[in-house]
Structures are given as C-alpha cells and as structure tokens.
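Shown next, in structure tokens, is the structure this report addresses.
The values are calculated or read from the model by the stated rules, or taken from the named source; none is laboratory data. Note that the structure is predicted; figures quoted are calculated from it, not measured. For neighbour counting, all protein chains shown are included, and Cβ atoms are generated from backbone atoms with ideal geometry for every residue, glycine included.
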Amino acid sequence: METSKPHTKKKWFLPLVFSLLLSTFLIFVSVFLSSNSSSFFDPSPRPAIHEPPRFVESKLRVSPTSSTSVPSIAYLISGSVGDGLTLKRTLMALYHPRNHYVVHLDLEASEEERLELARFVRDHPLFAGLGNVRMVVKANLVTYRGPTMVTNTLHAAAILLREAPEWDWFINLSASDYPLLTQDDLLYTLSTVPRHLNFIEHTSDIGWKEYQRARPIIIDPGLYSVHKSDVFWVSQKRSVPTAYKLFTGSAWMMLSRPFIEYCLWGWDNLPRIVLMYYANFLSSPEGYFHTVICNAEEFRNTTVNHDLHFISWDNPPKQHPHFLTVDDYQRMVNSHAPFARKFGRNESVLDKIDSELLGRNADGFVPGGWFNQANPNITNPNYVVRNITDLRPGPGAERLKQLINGLLSAEDFKAKQCS
C-alpha cells in the first residue's frame, strides 16, 4: 500500500496543473481581446459618445428668430375697472389674423364687466374660429405703481409663448393706448426690420429716481391681497445694487421673442434676481426689463432707444402724461409713432384717428389685405386664413419707415444702446 501512493498522486497532479495553465491562458486572451476589440473587429474609428447635459440650463439657448416674410406680433392689452368697452375698441383697432392677443381686465373690475369681455372674445366668430384672441379669465390684481404690473406682463407673455405657435415681437399696451396706423402698415414695415431688435426707451442716468425710487422700499399689496390699494412705504432704506447696473425708461415697449424667452426661462439667474429686487421698487415697469436687457450680454446690443409711442409729458415729466385731445392730433401724426397714449374714454380724437388714419367704421375692424369694408366673408375664418399675408400698406407705413430708418441710421445709435 505504501508503494502505490506516489503513483496515484502523480496521476491527478499533472491534469490539475495543465487545467490551471489553460484557464490562465484563456483568461489572459479574453482580457487582451476585449481591450483591443476595436483593433481586431472594427478598423474604422468610432464616433465619440457625448453624454447628455446634466443640467437643464445647458439645454436652453436664445431661440433663433423666424424667417417668415411677414412677421407676427403678440399683444397684451390690459385694463382696469370701467375699461371693458375701451379695451374692446382698442382690440378691434389692433386686430389682424396674423397676430396674437391676450386681453386682461384686472381684479378691480367687476365680475360682470370681466364676464362681458369674456363673452365677447368667446362668441365673436372670427376670434373663435382663428383662436388668436385669449382672455386672462383668472384675473390678476394690478397696482399701477407696483411690481404687479411686471408680473402681469410676464404672465401674458408666458401664455403667448405656450399657446401661440409663432410670433416675433411682444407689445404691451393698455386700454388707454390707440394705434396711429393700420396693422398692415406695421407688419409691412417690420418685415424689413431685424427681428432680434428690442424697442425699449432706456437710460442708466436714473437721476432723482435713485433717491425717490431705488433707495426707498415699497410693498405692493397686490402681491398678497385680493383688495386693491396703493403701495405703502417701509422706513428702511437700501443702497443701490452693485451686482448689476440700474436702468430706467418707458413702461411701454416692443420686445423680441428671444428676449421674452430669456426673461421667462432665465437660464442664468439674472432675470430672477432683478425681478426680486424690483418687487420693492416704485414704478418697477419703468425699470425691470430695461435693467435685465442692459445687464445681459446676449441682449445689451439689441436695443433701439425708443418706445414707439407718442406721449405728451410735462417738463420735467410728472407721474402721469397728459390726456390727448384733438389739439394733439397733428403732433401725433408728425411723430411717426405707431401708437399714442393716454386717451380718455370715448375721446373725440379717437373718432378722428379711426376715420382719417385707420379707415375704421364704428365697432368694425381696420381694413387691410385680409379685410375690406365691403367684404361679406369677414365672419368666415377659412376665408381670412387664405389672406393673412396679403398686406396693403398705406401712408402709415411710410411714416413708420421714416421713424425706424432714422433710429437705426443715427450716428449715435450704438452710443444710445444701454448707455
């Protein structure tokens, strides 16, 4: 028995060693082949694999402007108590099937007045058929001198971005504004204007506003109350911001779609930071958009220093402009501006503008390529859709062309951008 043990051990030892060597070899070969698989199996280089962005900000960029031959305008027309009929008139004077409209009567207006406007928008056959007029049914409380005017403007712009397919510029108006030319005049002239431009009157020379608006702190009850009241003042003062430069100007403007998207998306934090600051700023509509656009690298060179309005002010300007009358008519026309304010309700000069500048009948639309006074198909949306790019500009287009060409060709054009 003793002599057989070495022989038995020898029989299983050699196979074991062989199997271990074979396994080691196979493992080595598999590792080598996997690390060099591209060399053995695919001689062509593989494209680099780009990981998707980890943060949403990296996916957001300034949208390109549209390339359509005829632009489209997105309007906000806002009003308060007693403005229902005036707002309807302004809407009819501004209407064009190619444009988009948001109308808003603030929470101070009665429920009956807001319901009447909602019925008008809902039941009008053209508005219902084309779907380009929308009313803010859940009304906002808006304080004229407070930041709620800014939040209402941003709300309307958000609705237009979500629900309107395409538009090029956003214009904010009130029920006391009125056009001085037809929409055919406006669209025809703007068809030759670069669509990244922002028409916004602005200056960094805030002057007396530093001590009467920037340093004081106000609270707008419209931010938390359902009852309208004026802003109230806080005894504490604050210093002027150092993280960005303050700008001021007109509360009325024509802003490009890319800039509106920037204000709402805010892929950097500037629009939100500035909005929080202006929440306690008196007359914030005269500073918020101006400060954002002039502190944003993408947009500071897109400004045209004009608000496209004729407004009659005292010298120096007071809180409110003069109400315009027939005595101001020729100055309005000579200004070449497409809009004017401020008009009283049923002011007789509006009838003069309708008849001499717009060619509009009472309670009717302004004639244009899509509509003339004798057109029996005005209530047929299918007919209108076929004609919305047919523009018939008149004298108003020439006036506006002179204004815009003068602004863009001025020697100090660049110097007036965010200066």
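Having 1 or more residues that are of a type in the set (K, R) and touching a Ser or Thr at 6+ places or on another chain (Cβ under 6 Å) is the bar; report the helices (runs of 4 or more DSSP H) wholly within segment 335-419 that clear it.
It comes to 395-409.
Any residue at all in segment 370-382 that's surrounded by fewer than 21 Cβ atoms within 10 Å (Cβ to Cβ), of a type in the set (A, V, I, L, M, F, W, C), touching a residue at least 60 places away in the same chain (Cβ under 8 Å) and more than 30 Å from A415 (Cα to Cα)?
Yes, segment 370-382 contains a residue that is surrounded by fewer than 21 Cβ atoms within 10 Å (Cβ to Cβ), of a type in the set (A, V, I, L, M, F, W, C), touching a residue at least 60 places away in the same chain (Cβ under 8 Å) and more than 30 Å from A415 (Cα to Cα).
Just checking, which of I273, I260 is of a type outside the set (F, W, Y), crowded, with 19+ Cβ neighbours inside 10 Å, at pLDDT 95 or above and part of a helix (DSSP H, G or I)?
Just one listed residue meets the conditions, I260.
Do you know which of the residues in segment 292-310 that are among the aliphatic types (A, V, I, L, M) and in contact (Cβ under 8 Å) with a residue 60 or more places away in the chain is nearest to L246 (Cα to Cα)?
I293
Kindly evaluate L87 against the criterion of being under 28 Å from F310 (Cβ atoms), in contact (Cβ under 8 Å) with a residue 40 or more places away in the chain and more than 18 Å from the chain's Cα centre (by Cα).
Values: under 28 Å from F310 (Cβ atoms): yes; in contact (Cβ under 8 Å) with a residue 40 or more places away in the chain: yes; more than 18 Å from the chain's Cα centre (by Cα): yes.
Yes, satisfied.
E297: acidic (D, E) and closer than 16 Å to L197 by Cα, yes or no?
Yes, satisfied.
Out of segment 131-173, which residues are more than 15 Å from K228 (Cα to Cα), part of a loop (DSSP other than H, G, I, E, B) and polar (S, T, N, Q)?
Initially, segment 131-173 is screened for residues more than 15 Å from K228 (Cα to Cα), giving 131-138, 150-151, 153-173.
Applying the additional criterion that residues be part of a loop (DSSP other than H, G, I, E, B) yields 131-132, 136-138, 164-168.
Answer for segment 131-173, where residues must be more than 15 Å from K228 (Cα to Cα), part of a loop (DSSP other than H, G, I, E, B) and polar (S, T, N, Q): just N132.
Mind listing just one residue for me: the one in segment 338-358 that is of a type in the set (D, E, K, R) and touching a residue at least 60 places away in the same chain (Cβ under 8 Å) and, of those, surrounded by the fewest Cβ atoms within 10 Å (Cβ to Cβ)?
So, considering only residues that are of a type in the set (D, E, K, R) and touching a residue at least 60 places away in the same chain (Cβ under 8 Å), the one surrounded by the fewest Cβ atoms within 10 Å (Cβ to Cβ) is R345.
Would you call E112 out of contact with any His (no Cβ under 7 Å at 6 or more places or on another chain), modelled with pLDDT of 95 or more and surrounded by fewer than 19 Cβ atoms within 10 Å (Cβ to Cβ)?
Yes.
Is it fair to say A214 is surrounded by 15 or more Cβ atoms within 10 Å (Cβ to Cβ), of a type in the set (G, A, S) and modelled with pLDDT under 95? Give the derivation first.
Working: surrounded by 15 or more Cβ atoms within 10 Å (Cβ to Cβ): yes; of a type in the set (G, A, S): yes; modelled with pLDDT under 95: yes.
It is true that A214 is surrounded by 15 or more Cβ atoms within 10 Å (Cβ to Cβ), of a type in the set (G, A, S) and modelled with pLDDT under 95.
Out of curiosity, is L87 closer than 30 Å to A279 by Cα, aliphatic (A, V, I, L, M), surrounded by 23 or more Cβ atoms within 10 Å (Cβ to Cβ) and out of contact with any Asp or Glu (no Cβ under 6 Å at 6 or more places or on another chain)?
Values: closer than 30 Å to A279 by Cα: yes; aliphatic (A, V, I, L, M): yes; surrounded by 23 or more Cβ atoms within 10 Å (Cβ to Cβ): yes; out of contact with any Asp or Glu (no Cβ under 6 Å at 6 or more places or on another chain): yes.
Yes; evaluated as a whole, the condition is true for this residue.
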